[in-house]
Amino acid sequence: MSQQSHAEPQVQPERTPESGFDIGFYNWTPDDVNGFDELFVRIQQAESVNDWSKILADHLVWGNSKIAKSVGIFNMNSATDCPNLGTDNCQVPKESCYAFRSENMYGNPLDYRRRQEFIWDHLDAETWADAFLEVVSRKRNPVTALRFNQAGDFRHRGDIVKAERIAHRLNDEGYDVYTYSASDYLDWSVANHLTVNMSNARREYGDKHYTALPDGVDPTDVDFLDDNAVQCPYDKSDGADEFKCGNCRLCFESNGPDVYIRLH
Ligand code: SF4
């Protein structure tokens, strides 16, 4: 996870509605979040796409243990604040949610993801996409895709509209944009450029299913899965680098097959 490396700001943030500060929407307060005031000053002082690209660069992660470095990851919120945490919408019980556990074990991921949420809400889609492209232009390593939400989930239709507009812009520049969501209760009808992997099967709200099956369950016996559903190659290979997301692109493609992993 990237660290903010710049010096402490000299300007103290003005936390007033007039200065663009509105925190009433969140489950958290600024005092809960390390690095919030520094971020807020940077947002207040941002005047150009270049300024925003530096803020975004400090809040984008490139790959992880399952995702190749060519894929950027950005969360709209934390797992702790996820609208689906601990609900029937999510396939994973709260205590088994890896992202939630990491946030509550180490603290830093929770601060980081809450700052990501604040950035997400303070940046329009066009500027977000422009800033992302500027970050990419400065990178030495190749970039192929953007994943929304390794932790957290879509909160409302505005998140879908914004992500779709970003996906449209980035698709035009040759980048795939994809996500997994359990927010089946939202209106996803505008999501055409954003590839949506459905992580629950209550409605047909996205492009295709991504689900976990217990050992021994035949995918062809599962009603909601297409007959051509495939096991995630990363899962099947027990985590081979060559099948990391980005090397494998099954979840990036809206017309790809349904995918399942095995619950062990
Ligand atoms: S099917 Fe491919 S893209 Fe999807 S999670 Fe598995 S490795 Fe990643």
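Each reported figure results from applying straightforward, stated rules to the coordinates on display, with no laboratory input. Remember, predicted model here, so these are calculated numbers, not experimental data. Positions of Cβ are backbone-derived with ideal geometry, glycine not excepted, and every protein chain shown enters the neighbour counts.
Among the residues of region 181-229, write down those that are closer than 15 Å to L263 by Cβ and charged (D, E, K, R). Residues satisfying the conditions are D215, D218. For region 51-65, a tally of residues being within 14 Å of the chain's Cα centre (by Cα) and either in a helix (DSSP H, G or I) or surrounded by fewer than 17 Cβ atoms within 10 Å (Cβ to Cβ) (or both) returns 2.
On the given criteria, is F252 under 23 Å from the mean Cα position of the chain (by Cα) and either exposed (fewer than 13 other Cβ atoms within 10 Å of the Cβ) or free of Cβ contacts under 8 Å to residues at least 24 places away in the same chain (or both)? Even if it seems obvious, please write down each step before you answer.
Numbers: under 23 Å from the mean Cα position of the chain (by Cα): yes; either exposed (fewer than 13 other Cβ atoms within 10 Å of the Cβ) or free of Cβ contacts under 8 Å to residues at least 24 places away in the same chain (or both): no.
Here the answer is no, as F252 does not meet what is asked.
Restricting region 149-199 to residues that are touching a Leu at 6+ places or on another chain (Cβ under 8 Å) and among the aromatic types (F, W, Y) leaves a set whose member that is surrounded by the fewest Cβ atoms within 10 Å (Cβ to Cβ) is Y175. Quick one: count up the residues across region 67-96 that are assigned to a loop (DSSP other than H, G, I, E, B) and either over 30 Å from K139 (Cα atoms) or among the acidic types (D, E) (or both). Residues in region 67-96 being assigned to a loop (DSSP other than H, G, I, E, B) and either over 30 Å from K139 (Cα atoms) or among the acidic types (D, E) (or both): 14 in total.
The single residue among V135, V177, V143 that is farther than 23 Å from I43 by Cα and in contact (Cβ under 8 Å) with a residue 60 or more places away in the chain turns out to be V143.
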